[in-house]
Amino acid sequence: MKVPAKILLAVSGALVLLHVAGAVWSTHLSWGVHLFSFYPPMASLIALAAAAAAIFIPAVQQAAGNALELVVRKTASLPSLVVNLALAGALTGLGYAFAAQLHLLGDSAILMRSIPKSTWGSEVISSFKNQPLLNVIYRWAMDLGGSGVDTHPGEVYTTINIIAGVLLVFLTTWFVRLLPRPPVERFILGLFLFTGAGSQFFFGYVENYVLQYVATIAYAITGWMALEKKVHIAVPVLILAVLPGFNLGTGIFLPSGIFLILYYFRDQKGKALAIIAGIGAAGAAVLYLVGFNFMGFINKIIGGSVDFLPLFAARDGNYPYAMFSLLHLLDWFNAHSLIVPFGVFIPAALMFAMPKEDRWKGPALNFLLILSACGLAFTWIVNSALGMARDWDMLSSFFIPLMVLDVFLLAKAPNAEPRRPVLVTILIVSFLHLAGFIGVNADAERHLARMRTLDSELLLSKASQMTFDEALANFFFDNGRYAEAKIYYERYMAIDSANTRIVGNISDVYRKLGEADNYFRQLKRGVELGSTNP
């Protein structure tokens, strides 16, 4: 076994050990790897032992590889359309069978509560202020459901998620056929793309980022293929132009697009510059048409936006920590571990195995390196509202270029032999990690237990703590669990006792619990604050 393969197996072992540690020591500090702490101990032990066996027992690697090869051989004679439909059907069926249940974490509950009350007009509603294209798509999906404005938001998101998952299946099967590897290895690499945590979107997850996630993968793949002359450059350029419609933050990928165009038209510099200028003008026009205020955005950044972490000190209640701090590094590592566990480790292991002429001059590799660096820069500077635990879904699209870079290196790096056992091991570890994540969200009590674990004073800003505590308190109140609702309303009040909405809510909790003195004390507090809520 050559050195790169040994390094990758060592990384696989380290990831399994991190999951074991997270299962034993489940806190917000280990939120990227603590998934198996929410299962029965025996189930977690079996899952983690299976991952360890795939790393250390060659017979397990061989058996798993043979099973995958048998699947590939049996399906080789089938028409590609049949294979695609079967895979898409399997993904859709699994998505329904293991759909997310509570939607407490992040903006999911807010979206499902607020969208039906929104006024649909010419302006983008607040839920889609950073995703202008989703306004159009959401309304189309709502009409597709047949009930129009009465369609439940959860049904609309399910429709969008299924369509996105099917698109990714067709994209992936087309893509892997172009890889210079044996069929079984291509199959493994295609499955590997689905083991990023963003695949949770296809399992009933309510958020606005699934189309952005799929479009980002499509951009990375088609950009790579365009530089190898297997796709016309117009395809990735068009996808890059559409990406900001799914999320304005994807504008950070622009340097990769500039590299793509400049290299593709390296003998026609004038044409390349004209194309770049044209795309810039078209993008500015589209942003103007959807009401984006460019100067307001610049002033917001210059004036100190809460969307970005402060460099060295976090004195404001909107920030959990500074950008350059150990807490941020830990939180960022957890985000990476949850979304793309092998992300940065595969390039670290295989980059030095690439020939120098490919390592620094290979256009596809350099394109993917630039794209990945842009995405990582975004994940580092952005202030995720709930200490990255909430906004893993938004960050997933910016981590995912790393997965495509991983596929490139796993497919093309020499000196990585024996390749198939290593690929099988990486796939098994990645799959178990994703299954652990999906399983937590597919069970109401496991999801709730993880939600409570993430309520941290250390890694959440004051503003985030209040949002978190109110979400939990509202859930417990709505489900008649008033003693637990009291705990989280009181935590909120310990931070801000002047919010009349919370004062009214906690007084109602005290009434339900029969705590008359506390009930009247909070009613008086509401009057003192000028509340007009009857």
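The values are calculated or read from the model by the stated rules, or taken from the named source; none is laboratory data. What you are looking at is a predicted structure, and each value in this text was computed from that prediction instead of being measured. Quick reminder, even Gly has a Cβ in these numbers, built from the backbone with ideal geometry, and neighbours come from all protein chains shown. Please note that ligands, DNA and RNA were not included when accessible areas were found on the heavy atoms of the full protein model with its side chains. Shrake-Rupley method; radii C 1.70, N 1.55, O 1.52, S 1.80 Å.
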Is one or more of the residues making up segment 6-24 assigned to a loop (DSSP other than H, G, I, E, B), without any contact (Cβ under 8 Å) to a residue 24 or more places away in the chain and either surrounded by fewer than 20 Cβ atoms within 10 Å (Cβ to Cβ) or in contact with a His (Cβ under 7 Å, 6 or more places away or on another chain) (or both)?
no
Here the residues within segment 179-204 that are among the aliphatic types (A, V, I, L, M) and either under 21 Å from the mean Cα position of the chain (by Cα) or not in a loop (DSSP other than H, G, I, E, B) (or both) are 184, 188, 189, 191, 193, 197
Only one of 489, 482 is buried (at least 21 other Cβ atoms within 10 Å of the Cβ), over 28 Å from residue 215 (Cα atoms) and modelled with pLDDT of 90 or more, namely 489
Modelled with pLDDT of 80 or more and not hydroxyl-bearing (Ser, Thr, Tyr): is that true of residue 298 in this structure? no
Every listed condition ((1) closer than 11 Å to residue 409 by Cβ; (2) open to solvent by less than 20 Å² (accessible area, probe 1.4 Å)) holds for residue 375 save (1)
Among the residues of segment 211-230, the number that are surrounded by fewer than 18 Cβ atoms within 10 Å (Cβ to Cβ) and not acidic (Asp, Glu) is 2
Restricting segment 140-161 to residues that are under 20 Å from residue 205 (Cβ atoms), of a type outside the set (Ser, Thr, Tyr) and open to solvent by 20 Å² or more (accessible area, probe 1.4 Å), the one modelled with the highest pLDDT turns out to be 155
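Filter segment 160-178 for residues that are assigned to a helix (DSSP H, G or I) and either small (Gly, Ala, Ser) or without any contact (Cβ under 8 Å) to a residue 60 or more places away in the chain (or both) and give the result.
160, 163, 164, 165, 167, 168, 171, 172, 174, 175, 176 - these are the residues of segment 160-178 that are assigned to a helix (DSSP H, G or I) and either small (Gly, Ala, Ser) or without any contact (Cβ under 8 Å) to a residue 60 or more places away in the chain (or both).
Going through 305, 337, 325 one at a time, which residue ends up being over 30 Å from residue 195 (Cβ atoms), at pLDDT 90 or above and hydroxyl-bearing (Ser, Thr, Tyr)?
After applying the criteria, what remains is 325.
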(1) open to solvent by less than 50 Å² (accessible area, probe 1.4 Å); (2) of a type in the set (Gly, Ala, Ser); (3) modelled with pLDDT of 90 or more all hold for residue 456 apart from (3)
For segment 49-83, the count of residues that are within 16 Å of residue 184 (Cα to Cα), free of Cβ contacts under 8 Å to residues at least 60 places away in the same chain and of a type in the set (Gly, Ala, Ser) equals 3
(request) Would you mind stating whether residue 447 is open to solvent by 10 Å² or more (accessible area, probe 1.4 Å), at negative phi and touching a residue at least 40 places away in the same chain (Cβ under 8 Å)? (result) yes
- prompt: Of the residues that make up segment 353-372, is at least one of a type in the set (Phe, Trp, Tyr), over 21 Å from residue 4 (Cβ atoms), surrounded by fewer than 21 Cβ atoms within 10 Å (Cβ to Cβ) and modelled with pLDDT of 85 or more?
  reply: no
